[in-house]
1. Based on the mean of other beta carbon atoms within 10 Å per residue, what is the order of 167-178, 108-119, most packed first?
2. Between Asn49 and Leu139, what FRET efficiency comes out of the Förster formula 1/(1 + (r/R0)^6) with R0 = 45 Å and r the beta carbon distance, rounded to 0.05?
3. Which far-off residues, 5 or more places away or on another chain, put their amide H under 5 Å from the one on Ala162, with H placed in the peptide plane?
4. Sorting check: for 129-139, 154-164, which peptide has the highest mean count of neighbouring beta carbons within 10 Å, and how do the rest follow?
5. Assuming a ≥ b ≥ c are the square roots of the Cα gyration tensor eigenvalues, decide whether the stretch 129-168 counts as rounded (a/c under 1.5), prolate (otherwise, with a/b larger than b/c) or oblate.
6. If you place +1 on the Cβ of every Lys and Arg and -1 on the Cβ of every Asp and Glu, how big does the dipole about the Cα centre of the stretch 87-187 come out, in debye to the nearest 20?
7. Let me know the volume per residue of the alpha-carbon convex hull for the stretch 70-187, in Å³.
8. Which of Ala179, Thr118, Ala77 sits closest to the plus end of the dipole of the stretch 66-187, meaning its Cα is farthest towards the positive end, when Lys and Arg get +1 and Asp and Glu get -1 on the C-beta?
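No value in this document is a laboratory result; all are computed from the given coordinates. Keep in mind that this is a model prediction, so the values were computed, not measured. No Cβ is skipped: glycine too gets one built from the backbone with ideal geometry, and neighbour counts run over all protein chains shown.
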Amino acid sequence: MKHVKKVSKRTRVITGTTLAAAVALGGFGAYSASASETTQAVAAAPAANVKGNTTTSSTHLTIDAASKAAQAALDAAEKENQKVSVAVVDRNGNTILTLRGDGAGPQSYESAVKKAYTAVSWNAPTSELTKRLENAPTLKDIPGTLFLAGGAPVTAKNAPIAGIGVAGAPSGDLDEKFAQAGVASLG
């Protein structure tokens with residue numbers, strides 16, 4: 001006759017917990033599978049066409065144009081031995097691209113993006129916007145903005161479509177001069 005060893009309470013609790021976890025995970029997997037099938041069924045529904053004046057369109061720079069402008073700004077800075085970063089954002093303030101010049105400071109990257117965003121948001125060079133702070137000092141508190149010279153808007157049909165920001169030169173005036181070189185390269 002074989003002798004059966006009695007299992008401790010601790011071993012039974014651990015085994016039971018492990019079994020419960022396995023069952024729960026199995027149920028979760030089944031739920032996930034049915035959820036993805038439902039999502040696929042919803043995705044297959046036909047798209048509705050909106051009617052009337054419910055949409056609008058906007059003009060954006062192509063990646064080629066943004067690259068050309070950023071490179072022109074960086075080239076202008078390099079001609080004057082300045083180490084800068086350049087950012088180009090679209091009309092919505094989304095970054096299209098950034099170029100960090102050789103030797104540009106670590107702060108220049110983020111500053112360039114914020115200057116570009118600020119310029120396109122107000123459709124004005126950031127050097128002009130710094131003057132507005134005298135009458136409205138809380139403008140600087142708007143998230144994502146930077147009220148320092150170095151940002152220039154890009155327009156089409158007098159509407160802003162992009163912003164170019166440059167940061168890293170010893171003065172905002174130089175940064176803005178290089179950003180304007182980027183704008184000028186677009187014609």
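1. Values: 167-178: 21.2, 108-119: 26.7.
Order by mean packing, descending: 108-119, 167-178.
2. Working: r = 41 Å, r/R0 = 0.91.
So, using R0 = 45 Å, E works out to roughly 0.65.
3. Residues meeting the amide H criterion: Val154.
4. Numbers: 129-139: 11.7, 154-164: 19.0.
With the highest mean Cβ count within 10 Å placed first, the list reads 154-164, 129-139.
5. On the way: a/c = 2.16, a/b = 1.53, b/c = 1.41.
In terms of gyration-tensor shape, prolate.
6. Working: 9 positive and 9 negative charges, 43 e Å.
For the stretch 87-187, the charge dipole is close to 200 debye.
7. On the way: hull volume 10.3 nm³, N = 118.
Cα-based convex hull of the stretch 70-187, divided per residue, equals 88 Å³.
8. Thr118
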